[in-house]
Amino acid sequence: MDAFSPSEQYLQDFHQRRPGATSAAFSALPAKTPSQAYKSSYAVLAAVAQDLSSSSTILDVGCGDGHLLGLLDACSPQSKLIGLDLSRGELDVARRTLPSRILLLRERAQQMSLASKSIDLVVSHMALMLMDDIEAVLSEIHRVLVPNGRLAAIVGRVFMLGPVNDIFLDIFRPIAKVDLPSMPMGDRRTRSTEGWIELFEGDFYDPQIEDVDVAWQPTPGELWDALIETYDIDRLSVAARLKLKDTLIAETSSMLDSEGRLRTGWGLRFIQASAR
């Protein structure tokens, strides 16, 4: 395996310390595209597999603790399932919870050991936008997909939904400017619809991109517990995190509803394309 970049080293450390953080954040919250409601953002991807034949092979890139693989196994039990991730900690959890017939690989998505044209569907939940050299990742995904095979992924769009996000960013940015060491993570093109369309040019066709809103009404304490499971806040010093927490709770106190909750959520994108 090639030497890991600083961001890859950090992501492995984070997920060794906090395996299952991503599925804990997203698996129990309802997700909605402009046309349909789903039980979660993972369910958006699981639904794509329902149209495949029973002999299909599905690869989950950045599979984490295997939550999506479990959903895929439930809805398409005859399919061959493969999960790929960098984190040994996440894969250890996945191995303990998933059936042994599901193959798990600790590999970089930029250089997979899978045979060319061996995969019918590639899925990925909240991982592609974090990866180094996204062009190499997409090239590898194209290599392993059969002609006309599909890529379907959930990626980030905006951090939080609604006014809570504006308040958070106004507080976070000056703190991060002083306290957060620079560590580029992902390609800027993965942050926009236009960027994804550009990235898909050449190897993929029929790109489809939809906004996905994951609604959430947390208490301030629940909001903070979720935020400390995110990468940038995890990287802040203890003092900076405390300052962020105190200021955020104070600034959002006037936004609480009658039950002491905030109306917010996570802003995601559902991207799809087919391999040429």
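Here, each number is a calculation from the coordinates, and none is a lab measurement. In this text, all values refer to a predicted model and were calculated from it rather than measured experimentally. Virtual Cβ from ideal backbone geometry, glycine too; neighbours counted across all protein chains shown.
Key figures
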{"item": "Inter-label distance, nm, simple model (7 Å from Cα along the C-beta direction), residue 165/residue 135", "result": "2.9 nm"}
{"item": "Residue order, fewest to most beta carbons within 10 Å, for 72, 98, 84, 169", "result": "169, 98, 84, 72"}
{"item": "Extension gain (nm, one decimal) between residue 158 and residue 247, 0.36 nm per residue minus Cα-Cα", "result": "29.9 nm"}
{"item": "Percent antiparallel among DSSP beta bridges (both partners in the chain, rounded to 5)", "result": "55 percent"}
{"item": "Entries in 80/117; 177/243; 39/245 that, when Cα-Cα distance is taken, lie over 18 Å", "result": "39/245"}
{"item": "Length-normalised contact order of the chain in % [C-alpha pairs under 8 Å, at least 6 apart]", "result": "21 percent"}
{"item": "Stretch gain in nm, segment residue 230-residue 13, where the contour uses 0.36 nm per residue and the Cα spacing is subtracted", "result": "76.8 nm"}
